[in-house]
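One structure is given here, and the rest of the page talks about it.
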Amino acid sequence: MPALSDSLRTFLLGSVACLAIGAGDAAAQQPRRATPPAAPGTPAPVTAAPATSAPAIAADDDGDKKTPILLDADELTQDEALGVITARGKVELIKGPNTLTADVMSWNRNSGIVTASGHVRMVQPTGEVLFGDYAELTDDMAEGFIENARALMKDNGRMAGRHAERKGGNQTVVSRGVYSPCDLCASDPSRPPIWQIRARTTTHDAEDHRVSYRDATMEMFGVPVLWTPWFSHPDPSVKRKSGLLNPQIGFKSQLGAVMRNFYYWDIEPDLDATIEFSEFSQQGPLLGAQLRKRFETGLIRLGGSITNSNITSSNGTAVEAPTKGLRGHLFGEGRFDLDDNWRAGFDFARSLDDVYVRRYGYSTLDVLRDRVFAEGFFDRSYVNASAYAFQDLRPGPRATQPIAAPYVVYSALGAPGETLGGRWSIDASVLSLTRKGGEDVRRVAGQAGWQRKWTSDFGLVTTADVTTSIDGYYTAHATSTAPQETVKNGFTGRAIPQGTVTSSMPFVRQFDFGQIVLEPIVGMTVAPRLGNNKNIPNEDSLDVELEASNLFAPSRYPGVDRVEDGSRVTYGGRVAVHSLETGYGSIFLGQSYRISGSNLFPQGSGLENRRSDYVGEVQLVPGKWVDIDWRFRVASDTLKNDLHEVNFSLGPPEFFFNGTYLFAASAPNAGVLTDRNELTMGVYGRISPRWTANATGTYRMAPDRKPVRYGTSVTYADECFNVSLDMSRDLTNVVGGVSGTSIFVRIGFKNLGQFSSPKVTQ
């Protein structure tokens, strides 16, 4: 809850119906124009002022501080002998940032005590509005009490109590108080809110910004569900505060019953930590920590854990070792801005075995990466120097992961039109890969290019790309990366110029409903045929897949270790329909034909033959409730389906279906022995303004028909409370042995935090 000001910081939270009636008027009411303040200490004259008279202004002597007090009312009277000013009818007292209103108010200037009765309201400078039937306060509103107290807090929290007392200028103690941020039922305000806290005493420490309860009971729908002798949480004005976080309680296979406890430590404004003390019935205790530090020009995050466990693995599959041993992990990240152009950083992630970080929920990655880097950003150029190391957690046999150090990349781009009407480009890199007991590679690669685009008077759009690549490799302990490739030890070089010209001619026809665009596209790529590619190791160009997005690219390889030599022609076309509203649809179909050049494309890529597969894409968006994208690849010689991927979404935001259908043909020569044929479907629905539900499932349609994974979730959320239940079943054998049935529950209370249970896995 937000901290209250030093003027009567009565911390009140309530669930009283119609609590805010008149609060807006009280908060917004402004005093009428006042006469100049009287001299400090001068008593106001005795008057019986009509409603139209000006407010009385006096000065309050606070030792060395003399703060004027504005007292405004329909009627003002003063007893000079007793030093008492009495006000009636729309009374408003203002001192500094504090405002007190009531029906009747009496101010004893000698004792400094103000009493107020009838619709007492006090507006705090922090935005809270306090209510009561009767109040007795010091005139600086720092000490006193309110009877039948109520409050509307800045964060919409409400509190009610029989008696609220201000102590020491910083603490407010409420007796027999009730707190809840939930809205009351509009049709029956007497009904209990969704949840509330009843306590014998509630204390708000404005200096420590903490709310504490003694003898507290949590109620749900008016039914007590939890009692605690003491409970405390920061008020909403606090963004961070040391203390216990919500625990996680549940069960996991191989771990047993789980109790995860977290303590947040606010060390300094730029330094904090989270410490974990967890217990697992089948594996024993776990100690973990996360440390976060921010600098003026950077940050560091460090995290790790250690436990005594018998869950281990040598090939990525969870097993139980005969005896327990130390398991753990260490993660880290750092980012630093060195100046306006340069920044540097690091990432590291290490696990003491293959399954620990996934089994204990610290990561879902199957390859962990370490990196140190520095990079510079300039006008039209970029440079990056890095070093990489990897830890492979994937199951089954796997190759030795290399250390990439150094890896330096440089890119520069000229201004448009400054060179022969086009722009130049330079890309260069230096890479050193070292493997323990494996192939070592040193590579220097560079490419210079020039590109220009023309548009003729009759609409022909032509783009020309000219590049020259010069690469040098030194290989030790060479191994073959594919059956058709034989890599040799020693130095190998390559220089290859390449030119590509692509032309398209869009034809547009306008109709009443919109327009139709027909665009044929033709491209020609020319380069010398080089026979030394097989002597160059392939580290970054293994994953090749032809699709509509890269059909006209100068090279369909994703890296630089393989380039497309020789010559080829590429052709295709696009038909698009655009409505005058929001809908559109398009169809693209294309193919390439290799005239000459080396055939190093792997089987199943769509480029292994001289005539490539047909590739296409269909997009259909007739309106904002339908979105379909279909990408496909069909063999050119047999018309065999090699790839189909359909992504779709149907329905309005309140209720819609979405999903993906994927078919990928087998490629035995590339090690893919079976087809992949899967359908993933999901449905989401907003049952009511507070209830939502969704379900997803993946079904394998070939070679064996069976579900792969499925799940559902139901969520309830209102202004002060949310709860969700997620249930899923995974039938795959994923890393860490976490496949199976899982249940996950989340419960959140506004201003108190959120409780979540870990997945219950079998």
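The values are calculated or read from the model by the stated rules, or taken from the named source; none is laboratory data. Not measured: the values here are computed from a predicted model. Cβ atoms come from the backbone with ideal geometry, glycine included; neighbour counts cover every protein chain shown.
Quick rundown of the values:
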item	result
Filter result for the condition that a residue is touching a Gly at 6+ places or on another chain (Cβ under 8 Å) and part of a loop (DSSP other than H, G, I, E, B), over D339, D347, D354	D354
Number of the condition not met by R371 [criteria: (1) buried (at least 17 other Cβ atoms within 10 Å of the Cβ); (2) within 27 Å of the chain's Cα centre (by Cα); (3) over 21 Å from L302 (Cβ atoms)]	(3)
Neighbours by Cβ (under 6 Å, 6+ apart or cross-chain): first from segment 445-464, under 14 Å from P497 (Cα atoms); second among the aliphatic types (A, V, I, L, M)	A445/V560; G446/A428; G446/I470; A448/I426; W450/V466; A464/V501
Single match in G334, G325 (criterion: modelled with pLDDT of 80 or more, within 23 Å of the chain's Cα centre (by Cα) and either within 14 Å of L286 (Cβ to Cβ) or in a strand (DSSP E or B) (or both))	G334
Selected residue (criterion: surrounded by the fewest Cβ atoms within 10 Å (Cβ to Cβ)) from residues of segment 589-618 that are closer than 18 Å to L530 by Cα and of a type in the set (A, V, I, L, M)	I595
Members of segment 63-100 found to be surrounded by 12 or more Cβ atoms within 10 Å (Cβ to Cβ), within 54 Å of the chain's Cα centre (by Cα) and either of a type in the set (A, V, I, L, M, F, W, C) or modelled with pLDDT under 55 (or both), listed by number	I69, L70, L71, A73, V91, L93, I94, L100
Of all residues making up segment 109-130, the number that are at negative phi, out of contact with any helix residue (DSSP H, G or I) (no Cβ under 6 Å at 6 or more places or on another chain) and modelled with pLDDT under 90	9
Criterion (in a strand (DSSP E or B), in contact (Cβ under 8 Å) with a residue 40 or more places away in the chain and within 21 Å of D353 (Cα to Cα)) met by exactly one of L286, L302	L286
Answer residue from segment 687-709, given it is within 18 Å of L731 (Cβ to Cβ), modelled with pLDDT under 95 and of a type in the set (A, V, I, L, M, F, W, C) and is surrounded by the fewest Cβ atoms within 10 Å (Cβ to Cβ) among those	A702
Given (1) aromatic (F, W, Y); (2) crowded, with 17+ Cβ neighbours inside 10 Å; (3) at pLDDT below 80, number of the condition Y684 does not satisfy	(3)
Unmet requirement for L518, which otherwise passes all of (1) loosely packed, with under 15 Cβ neighbours inside 10 Å; (2) outside any strand (DSSP E or B); (3) touching a strand residue (DSSP E or B) at 6+ places or on another chain (Cβ under 6 Å)	(2)
One residue from A405, A385, A428, A412 being part of a strand (DSSP E or B) and closer than 30 Å to R358 by Cα	A405
Count of residues meeting criterion [in a strand (DSSP E or B), touching a Lys or Arg at 6+ places or on another chain (Cβ under 8 Å) and either on the phi > 0 side of the Ramachandran plot or crowded, with 16+ Cβ neighbours inside 10 Å (or both)] in segment 565-588	3
Per-region count, segment 178-202, residues under 23 Å from T138 (Cα atoms) and surrounded by 20 or more Cβ atoms within 10 Å (Cβ to Cβ)	1
Options G514, G417: the member that is in contact with a His (Cβ under 7 Å, 6 or more places away or on another chain) and of a type outside the set (D, E)	G514
Lone unmet requirement of (1) surrounded by fewer than 18 Cβ atoms within 10 Å (Cβ to Cβ); (2) part of a strand (DSSP E or B) for L130	(1)
Of residues in segment 521-559 being of a type outside the set (V, I, T) and assigned to a strand (DSSP E or B), the one nearest to G490 (Cα to Cα)	M524
Leading residue by the ranking (nearest to S504 (Cα to Cα)) among those in segment 546-564 that are crowded, with 19+ Cβ neighbours inside 10 Å and among the charged types (D, E, K, R)	R556
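Results for (1) at pLDDT 95 or above; (2) under 15 Å from D561 (Cα atoms); (3) surrounded by fewer than 17 Cβ atoms within 10 Å (Cβ to Cβ), shown as yes or no for each residue.
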site	(1), (2), (3)
T462	yes, no, yes
V466	yes, no, no
Y473	no, yes, no
P506	no, no, yes
M524	yes, no, yes
P528	no, no, yes
N535	no, yes, no
E539	no, yes, no
D543	no, yes, yes
